[in-house]
């Protein structure tokens, strides 16, 4: 049995060889993936990269299309625009039946906490750079940049508190306790961030910034003023807006109509814009919003069309006309059947349950689009904070403190070709805000809630042109915390921290 | 490294030296107990490779000295062993059915009677009569515990689950084809397969370690037999496929009635537009009398009858040393969607096995497959459901539309949610060309003949897929269905896998003790590569123009991706039996994988069986022919889960960069969520018995199984995040009983028949979710104590009937509800309906699947009937639920006919108006109305055959000819308002699907 001996020895040998020689066989790097380098914190020239990432997150998360209607449909002027799609928006915005299982509330929640998380980690990165340099110029930049990030974080919390009231302060991303804090506590937390930004960011306009359109100390002052306004701290509002006004950096853009279109991008009126770009070329990549424009594009054919949401109520249109509004009406109302001054025809929908008047402030004429681009609103920015609001807050604070608000107030009126008013009253200011800021970020709802007018204006039958019964009560000021969040994070049921 | 081993192997082969001797010769004859000659029995000299096969008279002639030990074996007979003498008369005794059959198990084979686990073997003949493009489709209803969900797209394979779903990630079994590992066997023709062994429990499957958790199917391609003259077989069928169970939709008039009942003011304009443009009349004041000249039945427009045909030729045979089998097949399946979609596949296959010396056996098997799949646009089925009949497929007046003048929703004021389904299907051009080569080479060294051998086997599988998708310029509907530039997407995908197995097998016996041992070592590598490119403005008109370089240079997109995983395994098996009564088996596999951080896993199993009927005290129990009890336990792995999860710790690019005045500043977003994953591990216990009784006529197999998946990967959302982060958090239990019984008997001499029943009961439950009680995923949730992927929503209690009822109901008042709306159950009893009143509403996992089969042979006729069904599963009718997107969506006939029309009309269906309201129809308000019973019963296959045999034409015997008629899936019964209860979505959401096709074929089999 000579052969079998050979064979068995060979076989055994082979198994052994295979077994021993293949130890390193499994140690294989994954394909198509270069290990991520850790951030090199000594290269302070790169420290703005983390900040740029936060702006990107505000752009992608903060303009998700469903964030928009949730933010603006609860007042007496704007409604969802469609009853046949996203019916919950009609239920919530007109009948004030809040459905905590509505996906959009959850989306708004997660998108804005997404901004908070990216901001938190960007601040960690900036701290890493700061710890690695002794160069004073670099450290100054570092503090400036941290100010920008803290503004953006406060902005995310501002949207969260406007929507939900008491929310969780996420001081670090891996925080275990997810209990909420009271609205008061969250506002104080935001003001801390904003104070830091005021003290460290340059006192220039965003369009003067090294990174054009980045937020500045003034942006932080304005957001802080808005928070103080909600808290009824009018002296603070006056102080902060006075600084912005008296520094004379900002001015109203003379052409209200173009303010919201391509020529008005990053103009001297702008305190904060969410920026997009098509890089000025007619093809290839484009950086846009998450359907913020398309969502409120009118029902139409061709490029000047969108999903047909967001409508102005008839009542509001009539009110504006009765005031003798001209330029602000033309700018704000994109009506079915009209042809815009640039020649875009708005066909509208045959369905009478759909709106016949869309948001003109989201309209970019075809003639202003880069040749080759056909997406509604592409290459335009989303206007968030502008100087007109600063002036109106300044006027309101002054009137509330028993002073005259005429001067700042009439700057806004005159630009809109409206006659000046002397001895302006609080109600006139609230009305002016209603017209000036309509279709922008939900200030009307905030104004009627904080001035106690909501219960009267949003009572039964006052919804979308009186069609929907069931009314607003103080208990409906905020939307409920999304059910999915409550279910998966039971801490949210705890009594909010002070 | 690998190279070194191959060199070693080559040197090893060359260095072999051989010499062996031969002796005299004996003659003999083999018959059964009635004295009839047994043709083709194997006569083998023990301990050698010397063997022959009996001829047509049962005679054999063997070159061996008298007095040698021989074994005579034949299928269905007990083995005969004895010493050779001249002119032997050997009478074989009938065996208990199936027990002597050789069953392929992992890295070896065993006789059925020696198994400690329930392994089901499916033979070529069992799947031959099913006209299907994938062999697994033919298994539907044939094997207890194997759940096959078929797919209607031409060339698409079914979803297969063995013993329930034990993973959130992937529950498809491992297929081992001639030693090569696959995730599916859609490239094989039914005719390529000799047999399939389905390993269901741990003691059988654990030898495949980390790949075994979802069960293992071992497939052997066709082989020749020794000492057999060439056998040439032609098999072919041609048939026609047609859709069954197509949903009835509302006619234009019914659609109009529904919408106008809902809200005349809102909806009448679009309906008038249709009449203005396409004819009809709205003159009557009562809209119920309006007339529509256009009434498009979109399903009808999309469907056609389609051909399927398959032709295969197999040639096999063998000498006393070498066997071979060679074959080719061609399958063509046309799609039932009335556009250019089909599948064709050409397969060639060869195998050779040779005892080149008495110590060396070598062999090869290979399959080459090339196929072309022209895909249908399945979304067209969904659009066929939502589009009303009030506009036509073609509208000659619509001059905006091109390349054809398609009817367009926008011409009557419908929104862009209404894409023309026919245009959608016709403008879709997507084709995959697949070339696949599977080869296996092996050498087996018989170190001690019949006792110890060493086998080394190497398998390669290469699959190249060329995909092309071309979108022509077209205009049908603004934005939704238009392209002003052509777009070409091409991708080249390749898979290149290799496995090298080495096994040392030993078996021996001493008196009543038999034992065996196997030790093995295996290396494998799996490569996946994909490159793709996309360009716009590629010229249209001819396929020859479809190159990326013909398109615009600007805006070209490219992609390149790939993975390589390596595996290294050591495994072994020990088995012992005493007196054919007690059997014990241990297996162990150590699996190493380059994919995971934790590289090594260990998968042991143990199995035992006890043949009670062999006990002396049972011999007197005549009623029982055979009774075996078996039990096993083992651990199995599932490596179909990702190695890690998380978001690239730092993400960069345009999406993470801020825009500053028209250009970007390169940014990054740092997120710290990351997790390493490990494979899922199943702990499986199995206990069962096999009973043969009533004079070998009834055979019953019953097995209870308890499978617990540990470390199941599930992805809950991170706190406050949209991102889901996977972790090995879950624990899933599948337990149940597999039952199968077959009865076969004869009546008279000519009538043989058999009846088979198989049933599988399954209970699936999520046991743990890493501390969470519920994880939401779209329409379904995973909740501890419930089925995996249970639907979640409100329970419909009834319909509000009267205004008084609404006025008295707080929820109705708060939500402005009217009669005809759904009344949801207030589950937490707080008097108000909100998200907290949702509950689980069942899942798409059936609790019972069953198959009942009947067959007979009478003279030259043969007949087979098989059925299949399932019960206890629920599905979600999202087609209806999609109304929330657009209330102009069409209605199905069932909902029209049964709608609430006034107090007392129904307490189940909502009113027409209710169907336009978010309270009743919304993805956010999933409710029990949309969850339907997915139970069904189907006549799976009916085949009638007639065989012409032994027909002489003069001195020439004509080849054997069998002709058959088959009806495959002629009838399916179910209650759900769906095209089919067999859903491709594993969660059971019914959305866009190919309808069930019934296939009627005529087949011919010729054997020379």
Mind checking which residues of region A:433-446 are part of a helix (DSSP H, G or I) and either under 12 Å from residue A:320 (Cβ atoms) or without any contact (Cβ under 8 Å) to a residue 40 or more places away in the chain (or both)? A:434, A:435, A:436
Restricting attention to region B:848-868, does a residue exist that is modelled with pLDDT of 90 or more, on the phi > 0 side of the Ramachandran plot, crowded, with 18+ Cβ neighbours inside 10 Å and within 32 Å of the chain's Cα centre (by Cα)? no
Candidate set from region A:280-300 (those that are assigned to a loop (DSSP other than H, G, I, E, B) and touching a helix residue (DSSP H, G or I) at 6+ places or on another chain (Cβ under 7 Å)); member that is farthest from the other protein chains (Cβ to nearest Cβ): A:296
Over region A:77-86, the set of residues buried (at least 24 other Cβ atoms within 10 Å of the Cβ), modelled with pLDDT of 90 or more and part of a loop (DSSP other than H, G, I, E, B) is A:80, A:81
Failed condition for residue B:947, given (1) in contact with a helix residue (DSSP H, G or I) (Cβ under 6 Å, 6 or more places away or on another chain); (2) assigned to a strand (DSSP E or B), with all others met? (1)
Can you name the strands (runs of 3 or more DSSP E) wholly within region B:468-570 that have at least 2 residues being farther than 30 Å from residue A:26 by Cβ and in contact with a helix residue (DSSP H, G or I) (Cβ under 7 Å, 6 or more places away or on another chain)? B:474-477, B:487-510, B:513-536
Please count how many residues of region B:583-609 are surrounded by fewer than 24 Cβ atoms within 10 Å (Cβ to Cβ) and away from every other protein chain (no Cβ under 11 Å). 11
Number of positions in region B:811-824 that are surrounded by fewer than 18 Cβ atoms within 10 Å (Cβ to Cβ) and away from chain A (no Cβ under 11 Å): 1
Specify the residue that is farthest from residue A:488 (Cα to Cα); the eligible residues are those in region A:113-126 that are under 23 Å from the mean Cα position of the chain (by Cα) and either free of Cβ contacts under 8 Å to residues at least 12 places away in the same chain or at the interface with chain B (Cβ under 9 Å from one of its Cβ atoms) (or both). A:122
For region A:301-347, what are the residues that are over 18 Å from residue A:368 (Cβ atoms), within 14 Å of chain B (Cβ to nearest Cβ) and crowded, with 19+ Cβ neighbours inside 10 Å? A:307, A:308, A:309
Condition broken by residue A:209, with the remaining ones in (1) within 14 Å of chain B (Cβ to nearest Cβ); (2) touching a helix residue (DSSP H, G or I) at 6+ places or on another chain (Cβ under 7 Å); (3) surrounded by fewer than 22 Cβ atoms within 10 Å (Cβ to Cβ) satisfied: (2)
Qualifying residue in region B:423-443 (condition: away from every other protein chain (no Cβ under 14 Å), part of a helix (DSSP H, G or I) and closer than 30 Å to residue B:183 by Cα): yes
Within the bounds of region B:788-804, is there any residue that is farther than 18 Å from residue B:933 by Cα and within 11 Å of chain A (Cβ to nearest Cβ)? no
Taking region B:650-667 as the search range and keeping residues that are buried (at least 21 other Cβ atoms within 10 Å of the Cβ) and in a loop (DSSP other than H, G, I, E, B), which one is modelled with the lowest pLDDT? B:667
Within region A:87-105, considering residues that are more than 8 Å from chain B (Cβ to nearest Cβ) and buried (at least 22 other Cβ atoms within 10 Å of the Cβ), the one farthest from residue A:167 (Cα to Cα): A:94
Sort through B:219, B:207, B:198 and tell me the only one that's touching a strand residue (DSSP E or B) at 6+ places or on another chain (Cβ under 6 Å), modelled with pLDDT of 90 or more, in a helix (DSSP H, G or I) and crowded, with 18+ Cβ neighbours inside 10 Å. B:207
Can you find, within region A:456-476, the residue that is farthest from the other protein chains (Cβ to nearest Cβ) among those that are at pLDDT 80 or above and touching a helix residue (DSSP H, G or I) at 6+ places or on another chain (Cβ under 6 Å)? A:457
So which residues in region B:720-733 are more than 14 Å from every other protein chain (Cβ to nearest Cβ) and assigned to a loop (DSSP other than H, G, I, E, B), if there are any at all? B:726
In region B:893-930, what residues are assigned to a helix (DSSP H, G or I) and within 14 Å of chain A (Cβ to nearest Cβ)? B:914, B:915, B:916, B:923, B:924, B:925
Residue tally, condition touching a helix residue (DSSP H, G or I) at 6+ places or on another chain (Cβ under 8 Å) and closer than 20 Å to residue B:433 by Cβ, over region B:350-383: 3
So residue A:353, is it in contact (Cβ under 8 Å) with a residue 60 or more places away in the chain, surrounded by 14 or more Cβ atoms within 10 Å (Cβ to Cβ) and part of a loop (DSSP other than H, G, I, E, B): yes
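Let's see how each residue does on (1) modelled with pLDDT of 90 or more; (2) within 14 Å of chain A (Cβ to nearest Cβ); (3) under 33 Å from the mean Cα position of the chain (by Cα); (4) more than 20 Å from residue B:788 (Cβ to Cβ):
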{"site": "B:648", "(1), (2), (3), (4)": "no, yes, no, yes"}
{"site": "B:669", "(1), (2), (3), (4)": "no, yes, no, yes"}
{"site": "B:675", "(1), (2), (3), (4)": "no, yes, yes, yes"}
{"site": "B:681", "(1), (2), (3), (4)": "yes, no, yes, no"}
{"site": "B:686", "(1), (2), (3), (4)": "yes, no, yes, yes"}
{"site": "B:693", "(1), (2), (3), (4)": "yes, no, no, yes"}
{"site": "B:705", "(1), (2), (3), (4)": "yes, no, yes, no"}
{"site": "B:708", "(1), (2), (3), (4)": "yes, no, yes, no"}
{"site": "B:718", "(1), (2), (3), (4)": "no, yes, no, yes"}
Answer yes or no as to whether residue B:554 is more than 33 Å from the chain's Cα centre (by Cα) and within 14 Å of chain A (Cβ to nearest Cβ). yes
One residue is enough: does region A:51-64 have a residue meeting the conditions more than 7 Å from every other protein chain (Cβ to nearest Cβ), in a loop (DSSP other than H, G, I, E, B) and within 26 Å of residue A:273 (Cβ to Cβ)? yes
When residues of region A:479-498 are filtered for being more than 8 Å from chain B (Cβ to nearest Cβ) and either in a loop (DSSP other than H, G, I, E, B) or touching a helix residue (DSSP H, G or I) at 6+ places or on another chain (Cβ under 8 Å) (or both), how many remain? 12
Within region B:502-525, track down each residue that is more than 11 Å from chain A (Cβ to nearest Cβ) and in contact (Cβ under 8 Å) with a residue 40 or more places away in the chain. B:507, B:508, B:512, B:513, B:514, B:515, B:516, B:517, B:518
Of all residues in region A:127-152, which are crowded, with 24+ Cβ neighbours inside 10 Å and within 12 Å of chain B (Cβ to nearest Cβ)? A:145, A:148, A:149, A:152
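The values are calculated or read from the model by the stated rules, or taken from the named source; none is laboratory data. Not measured: the values here are computed from a predicted model. All Cβ positions, even for glycine, are placed from backbone atoms using ideal geometry, and neighbour counts span all protein chains on display.
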